[in-house]
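Down below is the structure, laid out as structure tokens.
The values are calculated or read from the model by the stated rules, or taken from the named source; none is laboratory data. Everything numeric here is computed off the predicted structure, so don't read it as measured data. FYI the Cβ positions are ideal-geometry reconstructions off the backbone, even for glycines, and counts take in every protein chain you see. Side chains are part of the model used for accessible areas, which takes the heavy atoms of the whole protein and leaves out ligands, DNA and RNA. Shrake-Rupley method; radii C 1.70, N 1.55, O 1.52, S 1.80 Å.
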Amino acid sequence: MSKHTETTYATVPLPAGFPDDVALPKFVIELGQRFDDAGYELALVGGPVRDMFLGSNVTDLDFTTDAKPEAIQQILTGWAHAQWDIGAAFGTIGARYGDWIVEITTYRDEKYDPDSRKPEVVFGTDLVEDLRRRDFTVNAMALRLPDFELIDPFGGLKALVSGVLETPGTPQQSFSDDPLRMMRAARFAAQLGVTVSPDVAEAMKDMGSRIVIISAERIREELVKLMIAPKPRRGLELLVASGIADFVLPELPALRDAQDDAHRHKDVYEHSLQVMENAVDHEADYFAAPNFVLRFAALMHDIGKPKTRRFEAGGKVSFRHHDVVGAKMVAKRMRELRFDKDTTKAVARLVELHMRFYGYGDGEWSDSAVRRYVTDAGDLLKHLHALTRSDVTTRNKRKARRLAAAYDDLEARIDQLAKEEELAAIRPDLDGKQIMEILGIKPGPLVGRAYKYLLDRRLDEGPSDFEASKQALLDWWAEQPEAQE
């Protein structure tokens, strides 16, 4: 069978309430017919059904069936271009058809033991009961194939229309079965713009501590999805209001305890949320898609303030070195959430650098200072541009315009210097091999010190020719203790 099949689409006969022009890959109908011919049920379920009703593009195809994993694999044989066992113990088989990935899961029920991180899975035989165990009613809808009959026993469409998140059963039972659903509630608030029902909100407050049994990896994935959603603030505010943030991101609610200078404006918590919203607005100028690193750095840029707050003479408040302290704090939190090293390093570096621009508008920076700004930012320069612009929340319009103009000027100077000096790839005028040859030394820490000296000289004075660089290196070497040995 060909490894690549061009996808053809068909406008499907959806029930009343759905858009008229929804098109799905034609193979969805074919797959439904294969299961029906084999004597099994198959239904498109959850997110795809919800997104179709909202008029959004369907990018994920999740199916549910009364067939056991072994039967699923038999039905897929000869149809799918590839298939694999995502977790037969959990009843899920994955398959590829052309460029599409589908997941097919046996009807099931799953519950968490009060002291366990792993769910107990039991296969089911009834679609409605399978939907009953889903997280929220908006995800507890199915389209039975191949006829696209809507199965909505818990009022999912009504919930979507009203914009209120509810659970199929009681919220207490739902969150007891899987405490991560409380974080999903916040994610859906950010993703779909919905609110939670009073019962759901109350259950989240009462059961928030249950989140501690969930693995850090699963919490991290929900947090990332929340942060790159269209309205992350809604989800974050729900996590804070419910108390769940105290367990998964305690640095955020802690910001409410640190007011800004002299308490003249909003507290640091409100400021941080606003900076994050500003970052969402600015990121389109620098990135083609939602950028987690930028948004999370914007949210966490001031988390060092509670620890560094000092009351000065005259009633003023200072937060000296909150950037450095905050960088260490965010790195620690991200390690605990099992973020990869590169993402952790990037967010921490942006938090550390977020104050670097201030002062530019008060005094002309030298070319050396601009070079250092770019070199210190490295690959994160675009992130730093967006973050710095986002960190302007003053109500003083004149001040806001002045800061924006100052940063416009800085970006223009960076662009000009980049054209003149290839600034983004700045290196010393001599490489490591040349340093060792000129000084007659072997590889080791001393070469690194010499390299750093030449890099600092390059940043301060700009490029120079070989002879001038060689003489500068020899002059530096003459002052080193090793040269006297």
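Before moving on, here are some points about what is shown:
- Using only side-chain charges placed at the Cβ, +1 for Lys and Arg and -1 for Asp and Glu, the dipole size of the range 364-485 relative to its Cα centre rounds to 980 debye.
- Gyration tensor (alpha-carbon) shape descriptor, the range 198-324, a/c threshold 1.5: oblate
- Per residue solvent-accessible surface (Å²) - the chain, probe of 1.4 Å: 48 Å²
- In this structure, the residue pairs whose Cα-Cα separation is over 30 Å, taken from LYS231/LYS316; LYS341/LYS442; LYS158/LYS205; LYS328/LYS442; LYS332/LYS433, are LYS231/LYS316; LYS341/LYS442; LYS328/LYS442; LYS332/LYS433.
- Whole-angstrom gap from the range 21-78 to the range 265-285, using each part's C-alpha centre: 41 Å
- Between amide H atoms placed 1.01 Å from N, distances below 5 Å from LEU61 occur with GLU103, all of them 5 or more places distant or on a separate chain.
- For the range 307-384, the set of GluC sites (Glu not before Pro) satisfying both a DSSP loop assignment and a count of at most 11 other C-beta atoms within 10 Å is given as GLU312, GLU364.
- With 0.36 nm allotted per residue and the present C-alpha distance subtracted, the GLU30-LYS345 stretch has 108.7 nm of extension available.
- Proportion of all alpha-carbon pairs of the range 260-404 beyond 26 Å (%): 24 percent
- Kirkwood hydrodynamic radius (C-alpha pairs) into Stokes-Einstein, the chain, 4 °C and 1.567 mPa s, D in µm²/s: 49 µm²/s
- When the inverse distances between all different Cα atoms of the range 379-485 are averaged and flipped, the Kirkwood radius reads 16.7 angstrom.
- Site pair GLU270 and GLU479 shows an inter-label distance of 5.2 nm when each label is modelled 7 Å from Cα along Cα→Cβ.
- Calculated FRET value between ASP51 and LYS307, using beta carbons and R₀ = 45 Å, to 0.05: 0.60
- Sites THR77 and ASP456 - FRET efficiency at Förster radius 45 Å, r taken between beta-carbons, to 0.05: 0.10
- Pairwise centroid distance, computed over Cα atoms, of the range 187-262 with the range 287-307, Å: 15 Å
- Under 12 Å, Cβ to Cβ, from ALA190 - net charge with Lys/Arg +1 and Asp/Glu -1: +4
- Helix-only mean residue ellipticity at 222 nm for the chain, each DSSP H run of n ≥ 4 adding -39500 (n - 2.57), per residue, nearest 500: -15000 deg cm²/dmol
- The label-point distance for LYS332 and GLU437, in a model that sets each label 7 Å from Cα toward Cβ, rounds to 4.8 nm.
- Taking 0.36 nm per residue of separation and subtracting the Cα-Cα distance, full extension of the segment from ASP206 to LYS419 would add 70.8 nm.
- Normalised contact order of the range 316-385, rounded percent, pairs of Cα under 8 Å and 6 or more residues apart: 32 percent
- Note that the range 351-404 carries a Kirkwood radius of 12.0 Å, evaluated over its alpha carbons pair by pair.
- For the set MET300, MET436, solvent exposure ranked by accessible area (probe 1.4 Å, protein chains only) runs largest to smallest as MET436, MET300.
- Here HIS385 sits with roughly 10 square angstrom of accessible surface, probe radius 1.4 Å.
- Rounded percent of accessible protein surface that carbon and sulfur make up, the chain, 1.4 Å probe: 49 percent
- Working from Cα pairs under 8 Å separated by at least six residues, relative contact order for the chain is 8 percent.
- Acute angle (nearest 10 degrees) that the helix 341-353 long axis makes with the longest principal axis of the chain, alpha-carbon atoms: 50 degrees
- Distance between modelled label sites at ASP37 and SER368, nm, 7 Å Cα→Cβ extension: 7.8 nm
- Here the chain is assigned +1 on the Cβ of each Lys and Arg and -1 on the Cβ of each Asp and Glu. Its dipole about the Cα centre then comes out at about 1480 debye.
- For the chain, the antiparallel share of DSSP beta bridges with both residues in that region comes to about 80%.
- The range 331-463, relative contact order in percent, only Cα pairs under 8 angstrom and at least six apart counted: 25 percent
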